[in-house]
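Everything below concerns the one structure shown next.
The values are calculated or read from the model by the stated rules, or taken from the named source; none is laboratory data. It should be emphasised that the depicted structure is a prediction, and the values quoted were computed from it without experimental measurement. With ideal geometry, Cβ positions are generated from the backbone for all residues, glycine too; neighbour counts draw on all protein chains shown.
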Amino acid sequence: MRSVEPVDLSWGRTFINGFPHPFFVWLRREAPVWWHPPTEHSPDGEGFWVVSRHADVAAMFKDPDTFSSELGGTQLAPSTGAGIQLNQTDDPHHRHLRALVNKGFTPRMIGRLEDDLRARARAILDGVDDAAPFDFVARIARELPLQAICSVLGVPQGDRLELCEIVDRGVGAESPEIVSMDAVRELTGYARTLLAEKRTNPADDILSVIVHAELEDGSRLTDKELRAFFTLLFPAGAETTRSAMAGGLVALMDHPDQWRALQADPSRLKVAIEEIVRWTSPSVYKRRTTRRDVELRGQAIPAGAKITLWEMSANHDEEVFGDPFTFDISRDPNPHVGFGLGTHFCLGASLARMELKVMYEELLDRYDCFEPAGAARWSNNNRLVGMTELPVRAHRRG
Ligand code: HEM
């Protein structure tokens, strides 16, 4: 296979037209553990390792003792959340923190939200003026995840669009690794006020639970840790599911036969949703830091090295997925790593799956089909690759 020109994976603009798949096809084949040299966009001017094959990505997810989330956080840029925020801690502290919120996100608890999510999905669709083309991201794909995370956390629904705008500004910063500090400050300020409110007026929601919770060792979360929970959970709930919902619709518009198959038998959605998550892989890469010297596919990697694992690439690995570049709603088994694996496996996976199921059921029921009504726009970001705008025309069922 001929060599391809390396692209700068630390630059958001590389992702402006979607994920650079051709480069990763080459990496998986020729350089599955590749040293990315520093570029003018690389945080701290440092290079990093790029791991692209499914087997290696899965093995790293499952070996947190060697590949730490705490030493340097989970993105390339230096992080203020390392060692504090759930996803950027290592066990046993991570396990203690996760135990506080786990109960709220089990499949059983999320199952109880189905009726509420369905009512919300219907209200969202009722509010869309579909006589003319509209932006599927703004009107539909971002709405249900936002409303859902507000309702689970206990955030007033009226604040959701303002918060969403802050988060979007944060991740969409020109240099995407350097999350806009203004946005972080605004989100933290909001968290401070809301958590104080939960302290005095607890309700049946996750933020009230963590404000009053004790860790297994009897200690309580510090204010900083509490705010870190909010600044993780809100964006995590708002951003990724939106990308899966919008990216899934694009795939189904491109494959009208598969849209029809789902319409004929919506019970096929359960399997289809896994394919949508594989196909869109909205959470694109994770960073880890080596705790010790390791050797990976013949490459000697010293302790303390920045190493990135690319879920999007693992989910298109030719060794694991037959025809990985074919969107196939009946792909089963589908061992994608779109929600991660191991101790940091996505806390919100059941919630995301439920949101996707409910919204697609409602879309399939209400609309005969969708068609593109203009060019989609992608985020300028290498961690959350997704559409920021998707103009569509929707045709109601007759
Ligand atoms: C399609 C939608 C989603 C995708 C693709 C996704 C993807 C991921 C991935 C890959 C991880 C692993 C992170 C790591 O190993 O460093 C993760 C963790 C996490 N996700 Fe999601 N996620 C989605 C939806 C959600 C939702 C709706 C929530 C809402 C609560 C959420 C909350 C979290 C949290 C809190 C973690 C950290 C868990 C831990 O460190 O123990 N995610 N997610």
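Structural remarks
- Residue match in segment 90-100 (condition: crowded, with 18+ Cβ neighbours inside 10 Å, part of a helix (DSSP H, G or I) and under 17 Å from the mean Cα position of the chain (by Cα)): no
- Of the residues examined, VAL167 is not one that is modelled with pLDDT of 95 or more, crowded, with 19+ Cβ neighbours inside 10 Å, under 17 Å from the mean Cα position of the chain (by Cα) and β-branched (Val, Ile, Thr).
- Against the numbered list (1) within 16 Å of the ligand (Cβ to nearest atom); (2) more than 25 Å from the chain's Cα centre (by Cα); (3) crowded, with 16+ Cβ neighbours inside 10 Å, GLN263 comes up short only at (1).
- Cβ-Cβ under 7 Å pairs, at least 6 apart or on other chains, segment 82-95 side near the ligand (Cβ under 9 Å from one of its atoms), far side among the β-branched types (Val, Ile, Thr): ASN87/THR74; GLN88/THR74; HIS94/THR343
- Among the residues making up segment 40-78, those that are surrounded by fewer than 22 Cβ atoms within 10 Å (Cβ to Cβ), in contact with a Phe, Trp or Tyr (Cβ under 7 Å, 6 or more places away or on another chain) and part of a loop (DSSP other than H, G, I, E, B) are HIS41, GLY47.
- Among the residues of segment 179-204, just one is part of a loop (DSSP other than H, G, I, E, B), touching a helix residue (DSSP H, G or I) at 6+ places or on another chain (Cβ under 6 Å) and within 18 Å of SER151 (Cβ to Cβ), namely PRO202.
- Long-range neighbours under 6 Å by Cβ, at least six apart or interchain, first residue among the aromatic types (Phe, Trp, Tyr) within segment 54-81, second assigned to a loop (DSSP other than H, G, I, E, B): PHE61/GLY340; PHE61/LEU341
- In segment 293-398, counting only strands (runs of 3 or more DSSP E) that sit wholly within it, the ones holding 3 or more residues that are at pLDDT below 95 and more than 30 Å from HIS93 (Cβ to Cβ) span 387-389.
- Counting residues in segment 286-295 that are more than 16 Å from the ligand (Cβ to nearest atom) and in contact (Cβ under 8 Å) with a residue 60 or more places away in the chain gives one or more.
- Residue in segment 101-119 that is under 30 Å from VAL250 (Cα atoms), within 14 Å of the ligand (Cβ to nearest atom) and at pLDDT 95 or above present: yes
- Residue within segment 321-330 that is crowded, with 23+ Cβ neighbours inside 10 Å and touching a residue at least 24 places away in the same chain (Cβ under 8 Å) present: yes
- Residue check, VAL4 aliphatic (A, V, I, L, M) and in contact with a helix residue (DSSP H, G or I) (Cβ under 6 Å, 6 or more places away or on another chain): yes
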